[in-house]
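Take a look at the structure set out below.
The values are calculated or read from the model by the stated rules, or taken from the named source; none is laboratory data. These numbers were taken from a predicted model, which means no experiment stands behind them. Counting neighbours? That spans all protein chains shown, and the Cβs are built from the backbone with ideal geometry, glycine included. The area values use the complete protein model at the heavy-atom level, side chains included, leaving out ligands, DNA and RNA. Shrake-Rupley method; radii C 1.70, N 1.55, O 1.52, S 1.80 Å.
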Amino acid sequence: MSISSPVAFTNNPDELFVKKHVKYIQSLDTRKDEFEYWLTEHLRLNGVYWGLTALHLLNDPTALPRDETINFVKSCQHPSGGFGAHPDHDAHLLYTLSAIQILAMVDALDAVDTAATVTYVAGLQKPSGVFAGDEWGEEDTRFVYTGLQTLKILDRLDAVDVEKAVGFVLACQNYDGGFGVVPGAESHSGQIFTCLGVLSLTNSLDRLSTASRDQLAGWLAQRQLPNGGLNGRPEKLEDVCYSWWVLSSLAMLGKLHWIDQNKLVGWILSCQDEVRGGFADRKGNAVDVFHTVFALCGLSLVGWGGLKEVDPVYCMPVETTKRLFGSK
Amino acid sequence: MASYDSDDEVDYATDPAWAHITPLPQDDGENPLAQIAYHPDYVVAMSYLRGVMAINYHSAQVLKLTADIIGMNAAHYTVWGYRFKTLMALEASNGFNDEETSWSWRKELDWVQSIAKQYEKNYQIWHHRQLIINHLNDATGERERTNEMFASDSKNYHVWTYRQWLVKRFNLFDKEELDTMELLLKEDVRNNSAWNHRYFITLGRLGTDSPADGVINREIELAKVAISSAPQNPSPWNYLKAVLRKGNIGLASLKDFCEQFAPIDSEDEIKSSHALDILSEIYDETGNLGKAEQALVLLAAKYDPVRKNYWRYRKRLLGSNENVPTASEKTPIVHATA
């Protein structure tokens, strides 16, 4: 959907163009006269979270103005305690987590009414243990993760029924070892990340048997294609964002070494625009902030030099999660 | 007179039908992070939407306005939510029967389908559809609608999620569902979504109940035929193993079948890393550790070297009583969500 100029993909997949990626992220907010900017308004708060996380990993956490960031997050909070993607948009769990993560990263959780946020999140848990995304009731393992992570950051997991939430997630495991959006839905790497995230942040990973964890890690490792890239489901195309969903899942299972990391790194680096910065979903497409942060998260997980360490459970810098939860 | 056909253009600022709504421009406050210069049509439509929402106004006009905005930005979840509220309000006030507007749930569903075809990656469309069908308590024609979507993308995750919801909500675990999966797999035997859904309708819904007579054998045969046509396709292999587990049948029963695709002593004739993988387990189970190791070495060195560390891990487990990573004992529980 991009109308911006063509991307100059690197022919030098040994280098990470750190300064250009910082500039690219800073430039996002100055592109307001571009048609695609308003098309992504419904993702604005996610976008700020993605950009800020990327900047933290790039070791340039102050490249976005802190006060303006905090003010923007505040302007997205509803009286219900939840956050919308933008001041005019309804509250939803997806943006509520982004808001809380942003504030956690800039150490400003006291800037908003977090007690109201806890009430909002807790109100979205259903009797089955799952969370709805918003008042409209869509249910999805993504929302279990976003709800529980929000509460974990706010140190209020006690506000919901954690055991039921874990039970719902376990019911979503499929015959191939993976997890889907609801019980019975096809395994998908993105949903696997959210389900393992729930099990990790509630210290419940051992609810999966060793055999089951190995089966799942084997399935995840199968996501690597001969060119090094990772896909999200069998027989689908590779995409840079799975460098996060698959790798973070393998990291939570302690099996990062089950894929060929060198091949993956080369493939991720080949997706960056070496002139203007940013990463695309795959070489040849337009860059965006979503794929940029997940490319950097993937590189960070395999220990790319110069990048800050990312926490595979929370998708925030380890510096932040250590400050929040103490060292693990 | 306002028109509600989504193809007709409305000039909100001059159309007398809209004169009673005060447009509210976006208040960006003093926040530079959020200042947005919109496309002019979008600016106008959004300011009218804010005006409408401010007075909680629901009429057939709102359907036109929200359709306009969704046509420009289908992912705008707030607009979808307001549209659903408007539809419910119209139904409650008998507004569907207004001759000028003559909207109906049927028309709404047709319109939603046309938007779905334009925006295949969109989430909101399918949730909107689910809210409507749940409200109407009538799934007539809905499977056909998802089949239309599969014609252009047979792995669309949102459509499959909706399809499973339909099957659960209206108890459609029937022959039509089974036949559709067979057809989709005939068209593309690598369609993992269709394999997953087939499991869901045949065995996955049973929980701890036993399958009906003949189902296990029928599914084993189906998977074997699919494997024979594409031995390196992982989906039917995973399916086959799941069916065996459900039927309490040991892996060893697959020995001859697997050896067809991975004759371990004739390396050049090996056609499937998945067959080799299962054979290593069978050899291990039956105490033939030498052959089991040989299979895993071949996988690490030649047939799946990208995952050589995984195969080395498997090699270390050989001969131990530790479980080989195949068993997921749990079966998804099907929640009836009425």
Region A:203-212 - residue that is at negative phi and more than 8 Å from every other protein chain (Cβ to nearest Cβ) and, of those, most open to solvent (accessible area, probe 1.4 Å): A:D206
Odd one out for A:N262 among (1) at pLDDT below 95; (2) away from every other protein chain (no Cβ under 11 Å): (2)
Residue identified as of a type in the set (A, V, I, L, M, F, W, C), within 12 Å of chain A (Cβ to nearest Cβ) and closer than 23 Å to B:F257 by Cα among B:A242, B:A194: B:A242
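Quick grid of which residues meet (1) of a type in the set (S, T, N, Q); (2) free of Cβ contacts under 8 Å to residues at least 24 places away in the same chain; (3) crowded, with 17+ Cβ neighbours inside 10 Å; (4) under 24 Å from B:G141 (Cα atoms):
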{"site": "B:Q61", "(1), (2), (3), (4)": "yes, no, yes, no"}
{"site": "B:K64", "(1), (2), (3), (4)": "no, no, yes, no"}
{"site": "B:D68", "(1), (2), (3), (4)": "no, no, yes, no"}
{"site": "B:T78", "(1), (2), (3), (4)": "yes, yes, yes, no"}
{"site": "B:L87", "(1), (2), (3), (4)": "no, no, yes, yes"}
{"site": "B:G95", "(1), (2), (3), (4)": "no, no, yes, no"}
{"site": "B:W103", "(1), (2), (3), (4)": "no, no, yes, yes"}
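Residue-wise test of (1) within 21 Å of A:A91 (Cβ to Cβ); (2) touching a helix residue (DSSP H, G or I) at 6+ places or on another chain (Cβ under 7 Å).
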position: B:F84; (1), (2): yes, yes
position: B:M88; (1), (2): yes, no
position: B:F96; (1), (2): no, yes
position: B:I133; (1), (2): no, yes
position: B:L136; (1), (2): no, yes
Residue ranges of helices (runs of 4 or more DSSP H) in region A:66-170 with at least 2 members touching a Gly at 6+ places or on another chain (Cβ under 8 Å), buried (at least 23 other Cβ atoms within 10 Å of the Cβ) and in contact (Cβ under 8 Å) with a residue 12 or more places away in the chain: A:93-105, A:114-122, A:141-153
Total residues in region B:107-144, condition open to solvent by 50 Å² or more (accessible area, probe 1.4 Å), more than 24 Å from B:Y77 (Cβ to Cβ) and in a helix (DSSP H, G or I): 1
Hey, A:D134 closer than 30 Å to B:I132 by Cβ and either in contact with a His (Cβ under 7 Å, 6 or more places away or on another chain) or polar (S, T, N, Q) (or both) or not: yes
Selection from region A:234-250 of residues that are within 12 Å of chain B (Cβ to nearest Cβ) and surrounded by 21 or more Cβ atoms within 10 Å (Cβ to Cβ): A:P234, A:L250
Filter pass, A:D288 being within 14 Å of chain B (Cβ to nearest Cβ) and either modelled with pLDDT under 95 or within 16 Å of A:H56 (Cβ to Cβ) (or both): yes
